[in-house]
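Below: the structure, in structure tokens.
The values are calculated or read from the model by the stated rules, or taken from the named source; none is laboratory data. Since we're looking at a predicted model, the values are computed, not measured. Neighbour counts are summed over all protein chains in view; Cβ atoms, including those assigned to glycine, are modelled from backbone coordinates with ideal geometry.
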Amino acid sequence: MKKLTVLMFGWEFPPFNSGGLGVACLGLTRAMAQEGAKVIFVLPEHVQVELDYMKVVLAKDFPVSPVKFKTIKTLLYPYVTEDGYFEKRMFERDCAYGQDLQGEVLRYAGMAKAIAEKEKFAVIHAHDWLTYLAGIEAKKSTGKPLFVHVHATEFDRTGGGNFNQFVYSIEKFGMEQADGVIAISEYTKNIIIQYYGIDPNKIRVVHNGVEQCPDCVEAIKNNPLEKIKDSGKLLVLSMGRLTLQKGVDYFLKMAKLVSKHVPNAVFIVAGSGDMERALMMQAAKLGISGKVIFTGWLQGSEIQEAYRRADLFVVPSVSEPFGLTVLESMAQGTPVIVSKQSGVSEIIAHALKVDFWDVEEMANKAIAILKYAALNKHLSEESQKEAKELGWDKAAKKCLKFFNEKVEL
């Protein structure tokens, strides 16, 4: 397989990430570098990253490295909305920024074209809708094949409800213009075919992986969750953006049922998002606010500590293209209940699966895991073994094979 240089467009990267896309980019680029590929990663300028396996550079620098970063000055940020962009734009004096989100996405695409014309690469790889137009411009100016990586669609983000037509149009256009479409699950592939009308032969499913070093993060001293566990409590964890898509409202309904049978259970909601206040109000109305802890967004070692301390991890997503947190939790040996409406459920065997809307069944499974030590131990041990077989190397090899197929045409 030919060793390729990949021009990759993204918009978040750990530790400055708000979701799974940044984690996926980290795992994928590192694995591609290990396979001999070189990656030029384009990010918004306000994201500054330092990693031991690659050198992070500004656009003016040209180091010799398997992975290097190029930065573009833009107001785009993870999970940006029209209202969010407008609020951010109000405090900026630089008139070069787009007057609205659409204008900024187009401006980003124009600057991406300039970077593409200066760099040498074989293929273009664009992650999610914010970068699709940038990828298209790079393809137009260089003639190199374009691959768009679909981590989520507008149908996932809105739960199939009132979706943003502008975002949907870019997603559809990007997939149509691409030489290849990478879907992170069969679940996502089916959405792409059904709602975007993309030829199935153009799509390749590449499931995400998980980092194979769950113990490499140093434990946090005096961790608040450890103190709670030491008091005899059982921790039930939910982690992710607090949005309609993630189904945390179903987690709280489940919590009320579980607390009746497991009175020493404490429910941890880790994350932030536009539903945070509504979820706090819901917990109060359900009469369980004293049993629910909202931690806000966790980063780095805080995330690993939460997995380690939890007795159960629940992912009740309404529509989850993949669900990286499931693999991360399994890698730490934490038992998992996951929504059947998730891509990760396609590739794991040692987790309990349930429809997101079936709160009673979700509660029954949670109660069983919390009350029966044998079940808890079995899921913990087997899921950890399973996670060890799901590294990023497989995903990187599949992507690079797909790239090579188009380059050789």
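Look at region 89-133 and say how many of its residues are in a loop (DSSP other than H, G, I, E, B) and at pLDDT 80 or above.
Initial filter on region 89-133 (in a loop (DSSP other than H, G, I, E, B)): 91-100, 119-122, 128.
Of the ones still in play, those that are also at pLDDT 80 or above are 119-122, 128.
Number satisfying all stated conditions: 5.
Among the listed residues Ser329, Ser272, which satisfies the condition of being among the hydroxyl-bearing types (Ser, Thr, Tyr) and surrounded by fewer than 22 Cβ atoms within 10 Å (Cβ to Cβ)?
Working: Ser329 fails: surrounded by fewer than 22 Cβ atoms within 10 Å (Cβ to Cβ).
Criteria check complete, one pass: Ser272.
When you check Ser339 against the structure, is it out of contact with any Pro (no Cβ under 8 Å at 6 or more places or on another chain) and not acidic (Asp, Glu), yes or no? Can you show your working first?
Details: out of contact with any Pro (no Cβ under 8 Å at 6 or more places or on another chain): no; not acidic (Asp, Glu): yes.
Spelling it out, it is not the case that Ser339 is out of contact with any Pro (no Cβ under 8 Å at 6 or more places or on another chain) and not acidic (Asp, Glu).
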